[in-house]
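Here, each number is a calculation from the coordinates, and none is a lab measurement. Since the structure is predicted, the reported quantities are computational estimates derived from the model, not experimental observations. All Cβ positions, even for glycine, are placed from backbone atoms using ideal geometry, and neighbour counts span all protein chains on display.
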Amino acid sequence: MNSPYTGTPLRNEIDAFLHCPACLKQVRADVELHDESPRSYARLEIGLTKTGLQIWCTRHELNVAHFEIPRAYFRRVKPTCACGASTCAGGD
């Protein structure tokens, strides 16, 4: 997939991951979860807030991270749903 803004290929450039601390603790401690990785166990929602971007664990209803981003930046970002719509009522 290419960036709609630059046309360059999009790729995973993540150097360090953010995880819910409660999920990490469960994956490391629970014998029944021995086949799970933090990635496969994660239940995260990522979205825009009034002041930035938030990562929320739906498994534990905990804030994982909140990044304050200037409002001017949001005028350049046009989030879209996987269905291709700029707004969506829940379709995939």
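Annotation: peptides 7-18, 62-73, ranked by per-residue average of other Cβ atoms within 10 Å with the highest first, follow the order 62-73, 7-18.
Annotation: amide H of residue 64 within the under-5 Å range of 55, 56, 57, sequence separation 5 or more or interchain, hydrogens built in the peptide plane. Listed peptides 48-61, 31-44 appear in the order 48-61, 31-44 once ranked by packing, highest mean of other Cβ atoms within 10 Å at the front. For region 21-74, the alpha-carbon radius of gyration amounts to 1.41 times the rule-of-thumb value 2.2 N^0.38 Å expected for a compact globular protein. When the charge dipole of region 21-74 is built from unit charges on Cβ atoms (+1 for Lys and Arg, -1 for Asp and Glu) and taken about the Cα centre, the candidate among 52, 65, 29 whose Cα reaches farthest toward its positive end is 52. For residue 52, the residues whose amide H sits under 5 Å from its own are 69, ignoring neighbours fewer than 5 places away on the same chain, with H placed 1.01 Å from N. The magnitude of the dipole of region 21-74, with charges of +1 and -1 set on the Cβ of Lys/Arg and Asp/Glu and taken from the Cα centre, is near 260 debye. Applied to region 65-73, the Karplus parametrisation 6.51 cos²θ - 1.76 cosθ + 1.60 on θ = phi - 60° returns per-residue 3J(HN,Hα) values of 6, 9, 10, 7, 10, x, 4, 4, 5 Hz, with x for Gly and Pro. For region 25-30, 3J(HN,Hα) computed residue by residue from phi via the Karplus equation (6.51, -1.76, 1.60; θ = phi - 60°) reads 4, 5, 4, 6, 9, 8 Hz, glycine and proline entered as x.
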